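Chemist: Here you go, one structure.
The values are calculated or read from the model by the stated rules, or taken from the named source; none is laboratory data. Since we're looking at a predicted model, the values are computed, not measured. When the accessible area is computed, the model is the full protein with side chains, heavy atoms only, and any ligands, DNA or RNA have been set aside. Shrake-Rupley method; radii C 1.70, N 1.55, O 1.52, S 1.80 Å.
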Amino acid sequence: MTISNIARSYLLVPLCMIAVAWMGEAMAGTSECYAIKDTDKRAYCLAQVKRAPGNCYRIKDSDSRNQCLAEAKGLRHRCYAIKSQDQRKTCLALTR
């Protein structure tokens, strides 16, 4: 075994441990989302946890859908389509 192989093996173990820990967190978050009864809130949760904006399109409330898309895709112009003034201000603050 060469020194570079030994160094590589010592680096590989911590990297694998970090990857497994991160995947465990993502899976725990996903399972928590599926436990949510409200379909709009569940879709919003899944969009955030999975970082999958496609879940935003499942949201029936247009203001919440636009906020979800603004946050997930970073599209600030989606905030301007929100009717509720308070929710619009929150959306604009989050997508700076």
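Chemist: Name the residues whose placed amide hydrogens come within less than 5 Å of the amide hydrogen of I36, ignoring near sequence neighbours (fewer than 5 apart) on the same chain.
Modeler: Hits under the 5 Å cutoff: none.
Chemist: Could you name the aspartates and glutamates whose alpha carbon sits less than 14 Å from that of K41, not counting residues in the same chain fewer than 8 places away?
Modeler: List returned: E32, D61, D63.
Chemist: Here is a follow-up. List the aspartates and glutamates whose Cα sits under 20 Å from the Cα of K60, skipping any in the same chain fewer than 8 residues away.
Modeler: D38, D40, E71, D86
Chemist: For segment 29-94, what number results from the quotient of the Cα radius of gyration and 2.2 N^0.38 Å?
Modeler: Taking the Cα Rg and dividing by 2.2 N^0.38 Å, one obtains 1.05.
Chemist: Here's something else I'd like to know. Rounded to whole Hz and in sequence order, give me ³J(HN,Hα) for segment 36-47 from the Karplus expression 6.51 cos²θ - 1.76 cosθ + 1.60, θ = phi - 60°, writing x for Gly and Pro.
Modeler: Result, ordered by residue: 6, 6, 5, 5, 5, 5, 5, 5, 4, 4, 5, 4 Hz.
Chemist: Taking a 1.4 Å probe, which of S62, S31 shows the most accessible area, and what order do the others take after it?
Modeler: From most accessible down to least: S31, S62.
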